[in-house]
Amino acid sequence: MASSSDPLHENTGKTTAAAQACKSGSQALYRDVGGVYLNIMYPEQNVLSALSYKPLDGDLFVASYPKCGTTWTQHIVYSILRDGATPTNIMEFMSSSPFLEFMGADGARAMPRPGAIKTHLPFHKVPYSAKAKYIYITRNPYDCCVSAYYHVKNFHSMLFDGTFDEYFDMFVEGKVDYGDFFAHLLSWYKRRGDSNVLFLTYEELKKDPRGCVLRMAEFIDQQQYGDKLRKQPELLNKVLDSISIDSMRKLYSQLGEWGKQLANTPLEALPEALRSAMETIKQVCTQPVKGDFVRKGIVGDWKN
């Protein structure tokens with residue numbers, strides 16, 4: 001019988017409809033790891049390692065609640081740091097912008113610098129240093145919920161096989177990855193005035209990508225990146241071209257093929273930070289995907 005503290009059950013001990021939607025056999029698909037509510041695909045040891053990471057001076061983080069524009073923001077930062085270049089492949093992108101909770105502290109420490117560490121942790125859980133910088137991106141919760149639904153539905157490794165109504169209930173109840181959307185948002189919103197936090201919205205990025213790219217570049221380093229993009233409009237245009245939805249779709253269309261290559265790569269030949277996450281990576285990348293990883297990239301899709 002479920003305890004009253006089980007987030008997948010009501011105090012009565014009866015399984016809710018939302019909870020049943022995230023069951024595979026008798027195993028719950030979500031659990032608490034170090035105070036963070038996560039799908040079982042996240043390697044527990046890597047999550048705990050991530051929570052203990054001590055930021056280096058100058059570390060840059062891209063933070064968000066899932067499906068709020070994280071990947072797009074990562075690509076923008078990647079392009080700013082590399083004069084408009086795009087990643088050659090997904091492995092290179094994962095190494096240069098490691099997902100902290102997925103790859104653990106080793107992934108962050110091994111990151112070639114300059115780079116950006118991806119995290120979905122709320123502010124009170126994120127590894128914090130006054131000498132690090134944090135770009136936080138958020139989004140209309142309706143669009144976030146729709147995007148998250150298609151994400152978990154399309155990736156077999158997430159094991160979700162419920163309806164949108166069931167997922168919506170889970171989302172509202174905070175019974176999805178990283179818990180309650182609004183609590184997460186509020187934790188970062190309170191820090192939006194900090195000098196080492198840049199608070200952005202997906203809607204701003206869509207409306208004014210040029211202005212937002214410049215804001216990010218100036219936030220990262222005014223002299224090294226901000227001034228350079230303002231003085232070299234051709235370089236700014238190159239960055240903007242490199243972060244288009246079509247450009248990102250082209251990269252992520254390789255996901256299945258990359259997964260097959262990875263599955264055949266000897267463990268000792270992989271970067272150390274990837275080894276502990278290998279089983280999950282293989283599941284994500286080798287199982288059939290029903291849709292695009294980069295889906296629509298629009299504002300207001302929830303109305304559809």
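Matching residues to (1) assigned to a loop (DSSP other than H, G, I, E, B); (2) modelled with pLDDT of 50 or more; (3) of a type outside the set (A, V, I, L, M, F, W, C):
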{"residue": "Ser3", "(1), (2), (3)": "yes, no, yes"}
{"residue": "Tyr42", "(1), (2), (3)": "yes, yes, yes"}
{"residue": "Val47", "(1), (2), (3)": "no, yes, no"}
{"residue": "Asp57", "(1), (2), (3)": "yes, yes, yes"}
{"residue": "Thr71", "(1), (2), (3)": "no, yes, yes"}
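Here the range 241-262 is the region considered, the condition is being at pLDDT 75 or above, aliphatic (A, V, I, L, M) and buried (at least 16 other Cβ atoms within 10 Å of the Cβ), and the residue that is nearest to Leu60 (Cα to Cα) is Ile243. Evaluation of Tyr225 against the conditions (1) modelled with pLDDT of 95 or more; (2) farther than 23 Å from Ser95 by Cβ shows that the sole unmet condition is (2).
Among the residues of the range 100-135, those that are aromatic (Phe, Trp, Tyr) and outside any strand (DSSP E or B) comprise Phe102, Phe123, Tyr128. Could you please find all residues in the range 172-199 being touching a strand residue (DSSP E or B) at 6+ places or on another chain (Cβ under 8 Å) and within 17 Å of Tyr142 (Cα to Cα)? Selection gives Gly174, Lys175, Val176, Asp177, Tyr178, Gly179, Leu185.
In the range 99-123, of all residues being within 23 Å of Phe219 (Cβ to Cβ) and among the aliphatic types (A, V, I, L, M), the one that is surrounded by the fewest Cβ atoms within 10 Å (Cβ to Cβ) corresponds to Met111. Comparison of Asn196, Asn237 shows that the only residue that is farther than 20 Å from Ile117 by Cβ and polar (S, T, N, Q) is Asn237.
When the test is whether a residue is in contact with a helix residue (DSSP H, G or I) (Cβ under 7 Å, 6 or more places away or on another chain), buried (at least 19 other Cβ atoms within 10 Å of the Cβ), among the aliphatic types (A, V, I, L, M) and assigned to a helix (DSSP H, G or I), Val146 passes it.
Does Gly174 count as of a type outside the set (D, E, K, R), outside any helix (DSSP H, G or I) and within 19 Å of Val33 (Cα to Cα)? Answer is yes for this residue. Just to be sure I understand the filter: pairs with C-beta atoms under 7 Å, separated by 6 or more residues or on different chains, first member in the range 178-204 and in contact (Cβ under 8 Å) with a residue 60 or more places away in the chain, second member small (Gly, Ala, Ser) and assigned to a loop (DSSP other than H, G, I, E, B). Which pairs pass? Within 7 Å, the pairs are Asn196/Ala130; Asn196/Ala132; Tyr202/Gly69. Against the conditions (1) surrounded by fewer than 17 Cβ atoms within 10 Å (Cβ to Cβ); (2) touching a helix residue (DSSP H, G or I) at 6+ places or on another chain (Cβ under 9 Å); (3) under 24 Å from Phe99 (Cβ atoms), where does Phe164 fall short? Just the number, please. All conditions pass for Phe164, except number (3).
In the condition set (1) at pLDDT below 85; (2) surrounded by 21 or more Cβ atoms within 10 Å (Cβ to Cβ), Lys67 is compliant with all but (1).
Out of the residues in the range 70-93 that are of a type in the set (Ser, Thr, Tyr) and under 21 Å from His184 (Cβ atoms), state the one that is surrounded by the fewest Cβ atoms within 10 Å (Cβ to Cβ).
So, considering only residues that are of a type in the set (Ser, Thr, Tyr) and under 21 Å from His184 (Cβ atoms), the one surrounded by the fewest Cβ atoms within 10 Å (Cβ to Cβ) is Thr71.
Checked against the criterion of being surrounded by fewer than 17 Cβ atoms within 10 Å (Cβ to Cβ), farther than 27 Å from Asn140 by Cβ and at pLDDT 60 or above, the candidates Thr280, Thr265 yield just one match: Thr265.
Could we say that Leu236 is among the hydrophobic types (A, V, I, L, M, F, W, C) and crowded, with 17+ Cβ neighbours inside 10 Å here? Yes.
Among all positions in the range 205-224, there is no residue which is over 25 Å from Tyr134 (Cα atoms), part of a helix (DSSP H, G or I) and free of Cβ contacts under 8 Å to residues at least 12 places away in the same chain.
The values are calculated or read from the model by the stated rules, or taken from the named source; none is laboratory data. Because the structure is a prediction, the values reported are computed rather than measured. Please note: Cβ atoms are built from the backbone with ideal geometry, for glycine as well, and neighbour counts cover all protein chains shown.
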